[in-house]
Amino acid sequence: MPDLITRAEPLRRLAERLPEGEPVALDCEFVRERTFWPRLGLIQLRAAGQTLLIDPLALDDPGPLRSLLNGRVPVLMHAPGEDLECFLHHYGWAPEPLFDTQLAAAFTGHGTGLGYQALVRALLGVELDKSETRSDWLRRPLSPAQLAYAAADVEHLHALAGILAAELDAQGKRAWFEADCRQAVARARALIEAPDGRLSPRQVARLSPRVARRLQKILLWRERAARDHDRPRAWLLDNETCHRLAHLADGDRDAHDALIRQSQRAARFAADALWEALAQDPPLPPLPRPAERDEGLYRRQLKALQREVARIAAEHDLPPALLLPRKAIERFLDEGDWPEELGDWRKALLHAPLERVLASTR
């Protein structure tokens, strides 16, 4: 079993002898039950036939780690959403270019949302032990069972990626897949940036402009406070209380304090801090203007769009949920514009056909 690495020298030596273009397999373990940000507990890395288990709590110099994982060679990961957040929050950079084996499995017809254990079993016929899934990765020392479990999480990524890359190329889907991998990194970066206070059309559909503005301020305060205090949003103020507070009259401090006292898990500082935030007038993005709509027509349009997405997905041998998930279809229908973050290749396949469907159902 590899030792837990706390010094950068083994990483520096690996970077020096890693062949040009050789992928690096990567995973990490973290804890997030009581915090807003994931707390990085262990980094597992495999390259050139060697597995390294790195202690991010004690690593003396992260520089060689970045030289291995940021911009040099493909980084093989499985379902890396929160892992990317870990790296961005802990180190300020993300592993890339990314090869996400879960996403590759979806593109190549093995199923959407497959876990690492299931994919290893399906493609390699290997059964993995997942008994340490809920371990405390921040405790020290880590047990031999934890270290063995962690090492297994990178042991098979090269083999999986080899199979899936060949299938992506054979099916002509490599460019789409790589675009989605780049987008996954961009989404992770956006998640850790300061919130902008935007509300969706659905959030404001049944609210007056005054109430919607109050809700905007309340949710923006909660998001910033959760980040600053590193606590889950609901530990500061639950969703129901946020919406009830938004409906209060401006300036009613007694009702404001009473609602927060009634909340089971509101933070002690929430009443005063939120009251101050509501009294301010910060620049906020404009509220969306949801149009009055015929609910029957909306449902018919949504179903028609879903059918068209399913038809195009079948033409290209893609799962409909991968091509365009329901939430994205609803957003397109709500806002009337193509969501640019969905990427150019989806727009090329879908934008014109979906516009035609909408025009035919109006």
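Please give the length that would be gained between residue 254 and residue 361 if that part of the chain were fully extended, namely 0.36 nm times their separation in residues minus their C-alpha to C-alpha distance (nm, one decimal).
Values: separation 107, 0.36 × 107 = 38.52 nm, distance 5.03 nm.
Separation in residues times 0.36 nm, less the Cα-Cα distance, equals 33.5 nm.
Hull surface divided by four, with the convex hull built on the Cα atoms of the range 222-360: how many nm²? Let's see the in-between values first.
Values: hull surface 47.5 nm².
Mean shadow area of the hull around the Cα atoms is 11.9 nm².
For the chain, report the convex hull volume of the alpha-carbon atoms normalised per residue, in Å³, without decimals. Provide the component values of the computation, followed by the final result.
Working: hull volume 60.0 nm³, N = 362.
It is 166 Å³ per residue.
Which residues among the range 265-286 fall inside the zone where the amide N is under 12 Å from a point 7 Å beyond the Cα of residue 231, along Cα→Cβ?
265-274
Nearest 20 debye, what's the magnitude of the dipole of the range 177-330 about its Cα centre given +1 on Lys and Arg Cβ and -1 on Asp and Glu Cβ? It would help to have the intermediate numbers written out before the result.
Working: 29 positive and 23 negative charges, 61 e Å.
Magnitude of the dipole: close to 300 debye.
Mean separation of Cα pairs under 8 Å and 6+ residues apart, divided by the residue count of the range 1-131: what relative contact order is that in percent? Could the numbers behind the result be given before it?
Working: 217 pairs, mean separation 29.1, N = 131.
Answer for the range 1-131 is 22 percent.
Quote to one decimal, in nm, the extra length available between residue 294 and residue 189 on full extension: 0.36 nm per residue of separation minus the C-alpha distance between them.
On the way: separation 105, 0.36 × 105 = 37.80 nm, distance 3.75 nm.
That pair, residue 294 and residue 189, stretches by 34.1 nm at full extension.
Near residue 173, which aspartates and glutamates are there with a Cα under 12 Å away, not counting those fewer than 8 places off in the same chain?
Cα-Cα hits under 12 Å: 317.
Where does the chain land at 222 nm, in deg cm²/dmol rounded to the nearest 500, when only DSSP H runs of n ≥ 4 count, each adding -39500 (n - 2.57), divided by all residues? Don't skip to the end; give the middle numbers.
Values: 18 runs with 197 residues, N = 362.
Taken over the chain, the calculation gives -16500 deg cm²/dmol.
Rounding to the nearest 20 debye, state how big the charge dipole of the range 244-299 is about its Cα centre with +1 on each Lys and Arg Cβ and -1 on each Asp and Glu Cβ. Let's see the in-between values first.
Numbers: 8 positive and 10 negative charges, 67 e Å.
Around 320 debye, computed over the range 244-299.
Which order results if 241, 6 are arranged by neighbouring Cβ count within 10 Å, fewest first? Numbers along the way, then the final one.
Numbers: 241 21, 6 13.
The fewest-first ordering by Cβ neighbours comes to 6, 241.
With only Lys, Arg, Asp and Glu charged, each at its Cβ (+1 for the first two, -1 for the last two), find how big the charge dipole of the range 309-357 is about the Cα centre; round to the nearest 20 debye. Before the final figure, lay out each step's value.
On the way: 7 positive and 10 negative charges, 41 e Å.
Here the range 309-357 has a charge dipole of around 200 debye.
Choose one of 243, 260, 204: the residue whose Cα lies farthest towards the positive end of the charge dipole of the range 201-279 (beta-carbon charges +1 Lys, Arg; -1 Asp, Glu; about the Cα centre).
Checked the options; the winner is 204.
Before anything else, pin down the relative contact order of the chain: Cα pairs under 8 Å, at least 6 apart, normalised by residue count, whole percent. Intermediate results must be reported in sequence, preceding the final value.
Working: 490 pairs, mean separation 53.9, N = 362.
Dividing the mean separation by the residue count of the chain yields 15 percent.
Can you give the alpha-carbon Rg of the range 201-279 over 2.2 N^0.38 Å, where N counts its residues? Please report the intermediate quantities before stating the final value.
Values: Rg = 11.8 Å, N = 79, 2.2 N^0.38 = 11.6 Å.
Cα-based Rg divided by the globular estimate yields 1.02.
What FRET efficiency, computed as 1/(1 + (r/R0)^6) with R0 = 41 Å and r the Cβ-Cβ distance, is obtained for residue 352 and residue 166, rounded to the nearest 0.05?
0.80
If I take R0 = 56 Å and measure r between the Cβ atoms of residue 13 and residue 238 in this structure, what FRET efficiency does the formula 1/(1 + (r/R0)^6) give, to the nearest 0.05?
On the way: r = 50 Å, r/R0 = 0.90.
The pair residue 13/residue 238 has a calculated efficiency of 0.65.
Could you tell me what percent of the DSSP beta bridges with both partners in the chain are antiparallel, to the nearest 5?
If we restrict to bridges inside the chain, about 60 percent are antiparallel.
Taking the Cα centre of the chain as the origin and placing charges on Cβ (Lys, Arg +1; Asp, Glu -1), which of 285, 128, 97 is farthest toward the positive end of the dipole?
Toward the positive end, the furthest listed residue is 285.
Every number here is computed from the coordinates shown, using simple stated rules; none is lab data. A quick note: this is a predicted structure, and the numbers were derived from the prediction, not measured. Neighbour counts run over all protein chains shown; Cβ positions are idealised from the backbone, glycine included.
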